[in-house]
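Asker: I am attaching a structure below and will ask some questions about it afterwards.
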Amino acid sequence: MDISMNKPRKHVTELIICAILFVALSCLWMWRRSVAVRQAQIVGPAGHTVMDFRALSQVAFVNADSGETVRILPAKAGPKRLLVFLSAADCSSCLVELGDWLTLAKSYPDDKFQVNLIFVFTDRTELDSFRHEYSLPYHIFLDSHNEVATLVGVPTQTPVSVLLDSNFHVLAAQGAEQADTARQAFVSHVDSLIQN
């Protein structure tokens, strides 16, 4: 009699486990979908973005080379800047993209085009470790107080690449998790915008 009573309990337990797994997978799917929706809101299909770069000059960055506090300011005759926002903790996936920007940066003089790496959601120790492991020949800044996320609206999911003119008008933007073909198309698009 005990054996027959255990069989229904076993089935009930299996059903409960299946229900828990179903709920967990549903939650994961909904989270991934919400990330995709937020990502689409950050950078639209034509490169439009809701990030407000007029506030960029209010952010106090730390220059990674000198340790000094600096501000990135608009300039009437300055270079076009590609700002690449990234986090040292999850940047292994962005190294290929950084290589693309290095190739492009070598094609133009510094007064025409600059690549600025801005590390967000990263502390100084993480940044120094990352720089020690990877030689990065860029202008590198640290947003140690995460001001850029608050004032400009840069998301936590990185890398995010934004091409600005000298007055901080957004010329093109691309969010994180782009397919390789989309990334290459964006690099070509940025190259054509620098030439104009």
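The values are calculated or read from the model by the stated rules, or taken from the named source; none is laboratory data. None of these values were measured; they are calculated from a predicted model. Note that each Cβ is placed from the backbone with ideal geometry, even for glycine, and that neighbours are counted across all protein chains shown.
Asker: Does any residue of the stretch 146-166 turn out to be farther than 17 Å from residue 82 by Cβ and hydrophobic (A, V, I, L, M, F, W, C)?
Answerer: Within the stretch 146-166, one or more residues are farther than 17 Å from residue 82 by Cβ and hydrophobic (A, V, I, L, M, F, W, C).
Asker: Would a scan of the stretch 97-107 turn up a residue that is touching a helix residue (DSSP H, G or I) at 6+ places or on another chain (Cβ under 7 Å), of a type in the set (Asp, Glu) and farther than 21 Å from residue 182 by Cβ?
Answerer: No, the stretch 97-107 contains no residue that is touching a helix residue (DSSP H, G or I) at 6+ places or on another chain (Cβ under 7 Å), of a type in the set (Asp, Glu) and farther than 21 Å from residue 182 by Cβ.
Asker: Which ones in the stretch 64-78 are in contact with a strand residue (DSSP E or B) (Cβ under 8 Å, 6 or more places away or on another chain) and under 21 Å from residue 109 (Cα atoms)?
Answerer: Result: 65, 72.
Asker: Among the basic types (Lys, Arg) and either at pLDDT below 85 or closer than 17 Å to residue 56 by Cβ (or both): which single residue out of 80, 106 fits that description?
Answerer: Unique residue meeting the criteria: 80.
Asker: Which one of these does residue 181 not meet: (1) more than 16 Å from residue 81 (Cα to Cα); (2) in contact (Cβ under 8 Å) with a residue 60 or more places away in the chain?
Answerer: For residue 181, the exception is condition (2).
Asker: Consider residue 33 carefully, then state whether it is among the basic types (Lys, Arg), modelled with pLDDT of 85 or more and more than 14 Å from the chain's Cα centre (by Cα).
Answerer: In short, no.
Asker: Quick one: is residue 23 surrounded by fewer than 16 Cβ atoms within 10 Å (Cβ to Cβ), within 30 Å of residue 144 (Cβ to Cβ) and at pLDDT below 80?
Answerer: Here the answer is no, as residue 23 does not meet what is asked.
Asker: Give the residue, chosen from 159, 137, that is surrounded by 14 or more Cβ atoms within 10 Å (Cβ to Cβ) and either touching a strand residue (DSSP E or B) at 6+ places or on another chain (Cβ under 8 Å) or in contact (Cβ under 8 Å) with a residue 24 or more places away in the chain (or both).
Answerer: Step by step, each of 159, 137 is checked, and only 159 is surrounded by 14 or more Cβ atoms within 10 Å (Cβ to Cβ) and either touching a strand residue (DSSP E or B) at 6+ places or on another chain (Cβ under 8 Å) or in contact (Cβ under 8 Å) with a residue 24 or more places away in the chain (or both).
Asker: Out of the residues in the stretch 150-171 that are modelled with pLDDT of 85 or more and among the small types (Gly, Ala, Ser), which is nearest to residue 97 (Cα to Cα)?
Answerer: Applying the filter and picking the extreme gives 161.
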